[in-house]
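The values are calculated or read from the model by the stated rules, or taken from the named source; none is laboratory data. The model shown is predicted, which means the values in this text are computed figures rather than measured ones. All Cβ positions, even for glycine, are placed from backbone atoms using ideal geometry, and neighbour counts span all protein chains on display.
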Amino acid sequence: MEFILKKEFIAPMIILIVSVFLCFVSKRIIYKIFNFKTVKIKDGKKKTIVNLISNMVIALISIIGVLMILEIYGIDTKSLIASLGVVGIVIGLALQDIIKDFIVGISIIFEGQYSIGDWVYINGFKGEVLPSNLRTTKLKSYTGEIKIIYNRNINEIINYSMVSNILLIDVGVAYESDIEKVNKVLNELCLNIKNKYNIKEISCLGIQELADSSIKFRLAASISYEEQFKLDRQIKKEILLCFKRNNINIPFNQVVVHNGKRV
(Lines give C-alpha, C1' and ligand atoms only; values in the text may rest on other atoms or scores of the structure.)
Protein backbone atom coordinates (compact mmCIF):
# COMPACT_ATOMS: atom_id res chain seq x y z
CA MET A 1 0.00 0.00 0.00
CA GLU A 2 2.86 2.35 0.83
CA PHE A 3 4.50 1.70 -2.57
CA ILE A 4 1.26 2.60 -4.39
CA LEU A 5 1.23 6.00 -2.68
CA LYS A 6 4.84 6.73 -3.58
CA LYS A 7 5.87 9.06 -6.40
CA GLU A 8 7.67 6.18 -8.16
CA PHE A 9 4.30 4.49 -8.74
CA ILE A 10 1.83 7.36 -9.14
CA ALA A 11 3.89 9.51 -11.53
CA PRO A 12 4.62 6.73 -14.09
CA MET A 13 0.94 5.72 -14.05
CA ILE A 14 -0.10 9.32 -14.73
CA ILE A 15 2.47 9.61 -17.55
CA LEU A 16 1.26 6.31 -19.03
CA ILE A 17 -2.41 7.37 -18.93
CA VAL A 18 -1.64 10.82 -20.41
CA SER A 19 0.51 9.26 -23.16
CA VAL A 20 -2.26 6.83 -24.18
CA PHE A 21 -4.78 9.68 -24.14
CA LEU A 22 -2.54 11.91 -26.28
CA CYS A 23 -1.96 9.08 -28.78
CA PHE A 24 -5.71 8.54 -29.11
CA VAL A 25 -6.51 12.25 -29.45
CA SER A 26 -3.68 12.96 -31.92
CA LYS A 27 -4.78 10.07 -34.16
CA ARG A 28 -8.36 11.38 -34.17
CA ILE A 29 -7.17 14.92 -34.97
CA ILE A 30 -4.96 13.75 -37.85
CA TYR A 31 -7.83 11.67 -39.26
CA LYS A 32 -10.23 14.62 -39.11
CA ILE A 33 -7.72 16.99 -40.74
CA PHE A 34 -7.31 14.71 -43.76
CA ASN A 35 -11.03 13.87 -43.86
CA PHE A 36 -12.04 17.44 -44.73
CA LYS A 37 -13.51 17.86 -48.22
CA THR A 38 -11.07 20.71 -48.86
CA VAL A 39 -8.18 18.23 -48.66
CA LYS A 40 -8.18 16.88 -52.21
CA ILE A 41 -6.20 13.66 -51.88
CA LYS A 42 -7.02 10.22 -53.27
CA ASP A 43 -8.39 7.76 -50.69
CA GLY A 44 -5.46 5.38 -51.09
CA LYS A 45 -2.88 8.12 -50.63
CA LYS A 46 -4.89 9.71 -47.78
CA LYS A 47 -4.99 6.43 -45.85
CA THR A 48 -1.24 5.94 -46.28
CA ILE A 49 -0.39 9.48 -45.14
CA VAL A 50 -2.72 9.28 -42.10
CA ASN A 51 -1.13 5.99 -40.98
CA LEU A 52 2.38 7.35 -41.50
CA ILE A 53 1.84 10.58 -39.55
CA SER A 54 -0.11 8.79 -36.79
CA ASN A 55 2.66 6.24 -36.29
CA MET A 56 5.32 8.98 -36.16
CA VAL A 57 3.34 11.00 -33.57
CA ILE A 58 2.63 7.91 -31.44
CA ALA A 59 6.31 6.93 -31.55
CA LEU A 60 7.36 10.45 -30.47
CA ILE A 61 4.85 10.52 -27.58
CA SER A 62 5.97 7.06 -26.45
CA ILE A 63 9.67 8.00 -26.47
CA ILE A 64 9.02 11.17 -24.45
CA GLY A 65 6.87 9.20 -21.97
CA VAL A 66 9.55 6.54 -21.48
CA LEU A 67 12.26 9.19 -20.92
CA MET A 68 10.10 10.98 -18.33
CA ILE A 69 9.51 7.70 -16.45
CA LEU A 70 13.24 6.91 -16.48
CA GLU A 71 13.95 10.38 -15.02
CA ILE A 72 11.57 9.59 -12.14
CA TYR A 73 13.60 6.48 -11.28
CA GLY A 74 16.82 8.49 -11.25
CA ILE A 75 18.28 7.35 -14.57
CA ASP A 76 20.39 9.97 -16.37
CA THR A 77 18.47 10.24 -19.64
CA LYS A 78 20.94 12.75 -21.14
CA SER A 79 23.75 10.20 -21.03
CA LEU A 80 21.36 7.56 -22.29
CA ILE A 81 20.34 9.74 -25.27
CA ALA A 82 24.02 10.44 -26.05
CA SER A 83 24.89 6.74 -25.99
CA LEU A 84 21.83 5.90 -28.08
CA GLY A 85 23.00 8.49 -30.60
CA VAL A 86 26.29 6.64 -31.07
CA VAL A 87 24.47 3.33 -31.35
CA GLY A 88 22.07 4.93 -33.81
CA ILE A 89 24.95 5.99 -36.07
CA VAL A 90 26.33 2.44 -36.11
CA ILE A 91 22.90 0.97 -36.82
CA GLY A 92 22.30 3.61 -39.50
CA LEU A 93 25.47 2.62 -41.34
CA ALA A 94 24.51 -1.04 -41.16
CA LEU A 95 20.94 -0.44 -42.32
CA GLN A 96 21.51 2.35 -44.84
CA ASP A 97 19.72 0.47 -47.66
CA ILE A 98 16.61 0.06 -45.51
CA ILE A 99 16.78 3.73 -44.51
CA LYS A 100 16.98 4.70 -48.21
CA ASP A 101 13.86 2.60 -48.85
CA PHE A 102 11.96 4.46 -46.13
CA ILE A 103 13.10 7.91 -47.28
CA VAL A 104 12.11 7.20 -50.89
CA GLY A 105 8.81 5.69 -49.70
CA ILE A 106 7.97 8.85 -47.76
CA SER A 107 8.93 10.98 -50.78
CA ILE A 108 6.67 8.92 -53.08
CA ILE A 109 3.69 9.37 -50.74
CA PHE A 110 4.01 13.10 -50.20
CA GLU A 111 4.87 13.91 -53.82
CA GLY A 112 1.86 11.91 -54.99
CA GLN A 113 3.82 9.94 -57.59
CA TYR A 114 1.28 7.13 -57.36
CA SER A 115 -1.39 5.77 -55.04
CA ILE A 116 -3.06 2.44 -54.31
CA GLY A 117 -5.08 1.39 -57.36
CA ASP A 118 -3.06 3.37 -59.91
CA TRP A 119 -1.63 1.67 -63.00
CA VAL A 120 2.08 2.35 -63.34
CA TYR A 121 5.20 1.24 -65.22
CA ILE A 122 8.25 0.80 -62.98
CA ASN A 123 11.55 -0.90 -63.81
CA GLY A 124 10.17 -2.68 -66.89
CA PHE A 125 7.00 -3.93 -65.16
CA LYS A 126 3.46 -2.63 -65.70
CA GLY A 127 0.81 -3.24 -63.07
CA GLU A 128 -1.68 -1.99 -60.51
CA VAL A 129 -0.30 -0.58 -57.26
CA LEU A 130 -1.27 -2.83 -54.34
CA PRO A 131 -1.29 -1.82 -50.64
CA SER A 132 2.42 -1.52 -49.85
CA ASN A 133 4.70 -0.19 -47.11
CA LEU A 134 7.41 2.44 -46.88
CA ARG A 135 10.10 -0.05 -47.85
CA THR A 136 8.63 -1.76 -50.92
CA THR A 137 6.11 -1.19 -53.70
CA LYS A 138 3.93 -4.07 -54.90
CA LEU A 139 2.55 -4.20 -58.45
CA LYS A 140 0.06 -6.68 -59.90
CA SER A 141 -0.08 -7.21 -63.66
CA TYR A 142 -3.18 -8.03 -65.71
CA THR A 143 -2.16 -11.68 -65.83
CA GLY A 144 -1.81 -11.90 -62.05
CA GLU A 145 1.94 -11.73 -61.49
CA ILE A 146 3.01 -9.66 -58.48
CA LYS A 147 6.33 -7.80 -58.54
CA ILE A 148 7.85 -6.42 -55.33
CA ILE A 149 10.27 -3.53 -55.86
CA TYR A 150 12.49 -1.99 -53.19
CA ASN A 151 11.78 1.74 -53.17
CA ARG A 152 15.46 2.67 -53.41
CA ASN A 153 15.60 0.94 -56.82
CA ILE A 154 12.79 3.03 -58.32
CA ASN A 155 14.30 5.48 -60.80
CA GLU A 156 11.56 6.44 -63.25
CA ILE A 157 7.78 6.04 -63.00
CA ILE A 158 5.13 6.18 -65.69
CA ASN A 159 1.70 6.71 -64.10
CA TYR A 160 -1.17 5.88 -66.46
CA SER A 161 -3.88 6.84 -63.96
CA MET A 162 -3.05 10.50 -63.34
CA VAL A 163 -4.86 11.75 -66.46
CA SER A 164 -7.38 10.37 -68.94
CA ASN A 165 -5.99 8.15 -71.69
CA ILE A 166 -6.90 8.33 -75.37
CA LEU A 167 -8.16 5.07 -76.86
CA LEU A 168 -7.79 5.00 -80.67
CA ILE A 169 -9.80 2.54 -82.78
CA ASP A 170 -9.38 2.25 -86.56
CA VAL A 171 -12.12 0.57 -88.57
CA GLY A 172 -12.03 -0.12 -92.31
CA VAL A 173 -14.88 0.05 -94.83
CA ALA A 174 -15.02 -0.92 -98.50
CA TYR A 175 -14.00 1.64 -101.12
CA GLU A 176 -17.50 1.26 -102.62
CA SER A 177 -19.09 2.54 -99.37
CA ASP A 178 -20.93 5.86 -99.14
CA ILE A 179 -18.34 7.87 -97.19
CA GLU A 180 -20.83 10.47 -95.97
CA LYS A 181 -23.15 7.75 -94.73
CA VAL A 182 -20.33 5.96 -92.91
CA ASN A 183 -19.22 9.20 -91.24
CA LYS A 184 -22.81 9.98 -90.14
CA VAL A 185 -23.38 6.44 -88.81
CA LEU A 186 -20.12 6.52 -86.80
CA ASN A 187 -20.94 9.93 -85.27
CA GLU A 188 -24.37 8.68 -84.18
CA LEU A 189 -22.77 5.51 -82.82
CA CYS A 190 -20.26 7.55 -80.80
CA LEU A 191 -23.12 9.44 -79.14
CA ASN A 192 -24.89 6.18 -78.26
CA ILE A 193 -21.69 4.60 -76.93
CA LYS A 194 -20.95 7.68 -74.81
CA ASN A 195 -24.35 7.48 -73.10
CA LYS A 196 -24.42 3.68 -72.83
CA TYR A 197 -20.95 3.22 -71.30
CA ASN A 198 -20.73 6.61 -69.54
CA ILE A 199 -17.59 7.62 -71.43
CA LYS A 200 -16.25 11.12 -70.88
CA GLU A 201 -15.67 11.83 -74.57
CA ILE A 202 -15.74 9.80 -77.80
CA SER A 203 -15.88 11.02 -81.40
CA CYS A 204 -15.22 10.02 -84.99
CA LEU A 205 -12.16 11.86 -86.30
CA GLY A 206 -12.87 11.00 -89.95
CA ILE A 207 -10.77 9.20 -92.54
CA GLN A 208 -7.43 8.10 -91.13
CA GLU A 209 -5.91 6.09 -93.98
CA LEU A 210 -6.52 4.98 -97.57
CA ALA A 211 -5.33 1.41 -97.14
CA ASP A 212 -4.82 -1.28 -99.82
CA SER A 213 -8.25 -2.86 -99.42
CA SER A 214 -10.22 -0.39 -97.30
CA ILE A 215 -10.83 3.17 -96.19
CA LYS A 216 -9.98 3.43 -92.50
CA PHE A 217 -11.92 5.69 -90.14
CA ARG A 218 -10.56 6.58 -86.71
CA LEU A 219 -12.50 6.84 -83.43
CA ALA A 220 -10.97 8.44 -80.33
CA ALA A 221 -12.26 7.98 -76.75
CA SER A 222 -11.08 9.72 -73.56
CA ILE A 223 -11.18 7.09 -70.79
CA SER A 224 -9.22 5.91 -67.77
CA TYR A 225 -6.40 3.44 -68.25
CA GLU A 226 -8.18 0.83 -66.13
CA GLU A 227 -11.18 0.79 -68.50
CA GLN A 228 -9.51 0.98 -71.88
CA PHE A 229 -9.02 -2.76 -72.50
CA LYS A 230 -12.62 -3.63 -71.60
CA LEU A 231 -14.09 -0.70 -73.52
CA ASP A 232 -11.89 -1.40 -76.55
CA ARG A 233 -13.59 -4.78 -76.98
CA GLN A 234 -17.08 -3.40 -76.29
CA ILE A 235 -16.72 -0.49 -78.73
CA LYS A 236 -15.49 -2.80 -81.50
CA LYS A 237 -18.50 -5.04 -80.90
CA GLU A 238 -20.83 -2.03 -81.13
CA ILE A 239 -19.18 -0.95 -84.41
CA LEU A 240 -19.60 -4.41 -85.95
CA LEU A 241 -23.28 -4.64 -84.97
CA CYS A 242 -23.91 -1.08 -86.19
CA PHE A 243 -22.31 -1.76 -89.58
CA LYS A 244 -24.44 -4.89 -90.00
CA ARG A 245 -27.63 -2.93 -89.26
CA ASN A 246 -26.69 -0.26 -91.79
CA ASN A 247 -25.36 -2.63 -94.49
CA ILE A 248 -21.85 -1.22 -94.34
CA ASN A 249 -19.23 -3.75 -95.43
CA ILE A 250 -15.92 -4.35 -93.68
CA PRO A 251 -13.80 -5.75 -96.53
CA PHE A 252 -11.35 -8.64 -96.45
CA ASN A 253 -7.85 -8.23 -97.81
CA GLN A 254 -7.97 -8.89 -101.52
CA VAL A 255 -5.29 -10.24 -103.81
CA VAL A 256 -5.73 -10.05 -107.59
CA VAL A 257 -3.94 -12.77 -109.57
CA HIS A 258 -3.41 -12.40 -113.32
CA ASN A 259 -2.81 -15.48 -115.46
CA GLY A 260 -0.14 -14.58 -117.99
CA LYS A 261 -0.27 -16.04 -121.51
CA ARG A 262 2.77 -17.45 -123.24
CA VAL A 263 3.75 -15.67 -126.43
Here is a check on your reading of the model: is F217 over 30 Å from G112 (Cα atoms) and modelled with pLDDT of 90 or more?
yes
Selection within the stretch 180-201 - farther than 15 Å from K230 by Cα, part of a helix (DSSP H, G or I) and in contact (Cβ under 8 Å) with a residue 12 or more places away in the chain:
K181, V182, N183, V185, L186, N187, L189, C190, N192
Would you say L231 is without any contact (Cβ under 8 Å) to a residue 24 or more places away in the chain and not hydroxyl-bearing (S, T, Y)?
no
Mind listing just one residue for me: the one in the stretch 10-41 that is closer than 18 Å to I72 by Cβ and out of contact with any helix residue (DSSP H, G or I) (no Cβ under 6 Å at 6 or more places or on another chain) and, of those, modelled with the lowest pLDDT?
I10
Just one listed residue, out of S222, S177, S161, is within 30 Å of D97 (Cα to Cα) and in contact (Cβ under 8 Å) with a residue 40 or more places away in the chain, and it is S161
Checking S79, S83 in turn, the sole residue that is loosely packed, with under 12 Cβ neighbours inside 10 Å and modelled with pLDDT under 65 turns out to be S83
Looking at F252 and the list (1) in contact (Cβ under 8 Å) with a residue 24 or more places away in the chain; (2) in a strand (DSSP E or B); (3) outside the structural domain of E111 (by TED's automatic domain parsing), which single condition is not satisfied?
(2)
Hits in the stretch 165-174 (condition: surrounded by fewer than 17 Cβ atoms within 10 Å (Cβ to Cβ) and among the small types (G, A, S)):
A174
So I99 clears everything in (1) within 20 Å of N55 (Cβ to Cβ); (2) hydrophobic (A, V, I, L, M, F, W, C); (3) touching a residue at least 40 places away in the same chain (Cβ under 8 Å) except one condition, right? Which one?
(3)
Can you tell me how many residues in the stretch 159-179 are closer than 30 Å to Q113 by Cα and either in a strand (DSSP E or B) or charged (D, E, K, R) (or both)?
6
Answer yes or no: is there a residue in the stretch 127-135 that is hydrophobic (A, V, I, L, M, F, W, C), part of a loop (DSSP other than H, G, I, E, B), surrounded by 16 or more Cβ atoms within 10 Å (Cβ to Cβ) and touching a residue at least 24 places away in the same chain (Cβ under 8 Å).
yes
Out of S203, S141, S213, which single residue is of a type in the set (G, A, S) and touching an Asp or Glu at 6+ places or on another chain (Cβ under 9 Å)?
S141
